[in-house]
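Below is one structure, written out as structure tokens; the observations come after it.
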Amino acid sequence: MSERPEHRKDPVDAIIDQWATVRPDLDTAAMEVFGRIHRLSRAMGERAEKAYARFGIGRGEFDVLATLRRAGEPYTLSPRQLSATLMLTTGGMTGRLDKLERAGLLRRSPDPHDRRGLKVTLTDKGLGLIDEAVGAGLAVQTEALSGLDAERAGQLAELLRELLRTTEDRQD
């Protein structure tokens, strides 16, 4: 992509340099972008896990609680809605719901409109926990972005939005 000053090299640069040595014919521009996205995702996932662990939950449990919280009052969704939003099988969802229900963070109750269905609702304890956990997760993300000024962070967000949209549009 561009000349990389020695003092600014990262692990992706080392990989790119190795490819340039053994396969100088390759255009590795995409590898530079996606290699860094992958490494950022992994690093931030680990930081988020640590932030959520303080609340006794992992990323999977956070995702369930956050999805219910974002649904707005009364913070209730069906297991099917949760599974679809989180792209989980019903079996995977059941395990998460069992754990969160045992912890008193949500409750399952019969759906009054479908006698075969269930509704999942945040408890007051779950609402308080997710509000604290989302704040802790955002603090970790904000700290990671602190090396960029607001304009550059906005540009990065826009570029990633565009890349995500075009990537998802081309899935088939």
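The values are calculated or read from the model by the stated rules, or taken from the named source; none is laboratory data. These figures come from a predicted structure and were not determined experimentally. Note that each Cβ is placed from the backbone with ideal geometry, even for glycine, and that neighbours are counted across all protein chains shown. Side chains are part of the model used for accessible areas, which takes the heavy atoms of the whole protein and leaves out ligands, DNA and RNA. Shrake-Rupley method; radii C 1.70, N 1.55, O 1.52, S 1.80 Å.
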Once both labels are modelled 7 Å past Cα along the beta-carbon direction, what's the residue 41-residue 85 spacing in nm? 2.2 nm
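Take 156, 77 and sort them by solvent-accessible surface of the protein heavy atoms, 1.4 Å probe, largest at the top. Provide the component values of the computation, followed by the final result.
Working: 156 70, 77 25 Å².
Ranked list, largest accessible area first: 156, 77.
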Taking 0.36 nm per residue of separation and subtracting the Cα-Cα distance, what length does fully extending residue 132 through residue 70 add? 20.9 nm
Here, residue 159 and residue 142, labelled 7 Å along Cα→Cβ, have an inter-label distance in nm of 2.4 nm
Farthest towards the positive end of the dipole of the chain, among 30, 105, 129 and with Cβ unit charges of +1 on Lys and Arg and -1 on Asp and Glu, lies the Cα of 105
Solvent-accessible area per residue, Å², over segment 1-144 with all protein chains present [probe radius 1.4 Å]: 65 Å²
Candidates 138, 88, 148, ranked by Gaussian network fluctuation over the chain, Cα under 10 Å, top entry: 148
So for 83, 146, 109, what's the accessible-area order with a 1.4 Å probe, most first? 146, 109, 83
Going 7 Å from the Cα of residue 19 along its beta-carbon direction, which residues of segment 30-57 have the amide nitrogen within less than 13 Å of the resulting point? 30-38
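Counting only Cα atoms, I'd like the Rg/Rh figure for segment 67-123, Kirkwood definition for Rh. Mind dumping the intermediate values first?
Values: Rg = 10.6 Å, Rh = 11.4 Å.
Rounded to two decimals, Rg over Rh is 0.93.
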With a 10 Å cut-off between alpha carbons and a GNM built on the chain, which of 85, 76, 121 moves the most? 85
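Using heavy-atom solvent-accessible surface (probe 1.4 Å) with all chains present, what is the largest-first order of 31, 87?
87, 31
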For the chain, with a Gaussian network of springs between Cα atoms less than 10 Å apart, report the residue from 48, 139, 153 with the top mean-square fluctuation. 153
Find out how many positive minus negative residues lie around residue 111, taking Lys and Arg as positive, Asp and Glu as negative, among other residues whose Cβ is under 11 Å from that of residue 111. +4
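Quick one: pull the percent of accessible area on the chain belonging to carbon and sulfur, 1.4 Å probe, ligands and nucleic acids left out. The partial results should precede the final answer.
Details: 6460 of 11980 Å².
Its accessible area is 54 percent carbon and sulfur atoms.
In debye, nearest 20, what is the charge dipole magnitude of the chain about its Cα centre with +1 on Lys and Arg Cβ and -1 on Asp and Glu Cβ, if you could check?
Working: 27 positive and 28 negative charges, 198 e Å.
Once rounded to the nearest 20, the dipole reads 960 debye.
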